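Structure record follows, encoded as structure tokens.
Every number here is computed from the coordinates shown, using simple stated rules; none is lab data. Since the structure is predicted, the reported quantities are computational estimates derived from the model, not experimental observations. Note: ideal-geometry Cβ built from the backbone for every residue, glycine included; neighbour counts use all protein chains shown.
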Amino acid sequence: MCSACKALKGEWGRPSYCWRCVVFTSPRRYSQDYRILCSCTCLTKTWEEVELLVGPSFSIECMLALAFNDFSFKYAGSTRFALKDVSFKVSTGEFILLTGPSGCGKSTICRAALGLIPQSYPGDYEGEIRIFGLDPKSTPISLIAQKAGLVFQDPDNQLFTLSVERDIAFGPENLGLPKFEIVQRVDWALHVVEITHLRNKAPFELSGGQKQRVAIASILAMRPSLLILDEPTSFLDPLSAYKFLNFISLLRHKLKISILMIEHRLDYLAPLVDRVILMSEGQILLDGSPIEVFSSPVLERIGISPPIHIAIFERLSDLGYYNGVPPLDIPYAIELLKSLVVKNV
């Protein structure tokens, strides 16, 4: 590993590996174009060479998982912008919740981050996006897929083989990895998402929660550093959704990956995320901590209900029964509410 990658490894806080170095330590065949687009400093001798390939801001950008800078987009044939002047950043290891009314542009952000816009969805493109220092506008989607993975709203759209094991192996196989490494990645992904016992099951035999775990395992087998989830609990009952979202939080800490989640179950996510981004009509209205966003009157103005437990404590505060910051965690909120009832009876 070169000194530059060692430095990046330290800055990223990844104790186990630098993704760029992992890609190139095993004996494989890659074209020169692939290497340049991957921007791995292990393939260069000096920082000057890195700057020639990816620009002088490489080291700063790569500390960010994702960055939108004054980004606007209008789909071909549309008369209005789906996104307008959108700017936000996702740091490495950060868990971000992206929420807002239907049609506000959340899915468009996912497509743009992964390079599907404009490569698969043409239109008017303004501003810039960087994903681990790469420009998704010009980087092949196959390369972006090794940096970021998307989990769909409906896992059935991602599962199409006759066994869980084959579904998870599909991505690494398409990277052209040697068989022994594909087996290692499948075993690792099954273990990480705790579905080893489902290895030989057919996807159609699984529950909704199990299917979502298989979908995540198939993405993790690609070893991404950013996980994007688009309404992953839409087909889950409340208890399954609660368990699934807590599992995602544990996964984030275990693997030290960044997560951008589009979700409407705000009650469950309030204590889990680092930041909340609120959108409406293609623009970002709020970007702040969970308590800042969920306590804002802007939510109700655009038709979004705040988490019920936060709304309850906001009301109790208005009535003079509670003096403090509303709790984010539901179990703690219940216990606190019980104590307030006993105190005021």
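The table for this structure:
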| quantity | calculated |
| --- | --- |
| Inter-part distance where segment 131-179 and segment 274-341 are each reduced to a Cα centre, Å | 36 Å |
| Ranked by how many other beta carbons lie within 10 Å on average, peptides 256-264, 301-309 from highest | 256-264, 301-309 |
| Per-peptide average of other Cβ atoms within 10 Å, ordering 318-326, 92-100, 180-188, 120-128 highest first | 92-100, 180-188, 120-128, 318-326 |
| Under 15 Å, Cα to Cα: Lys pairs in segment 64-290, sequence gap 8 or more or different chains | 9 |
| Ranked packing of 156-162, 80-86, 245-251, most packed first, by mean Cβ within 10 Å | 80-86, 245-251, 156-162 |
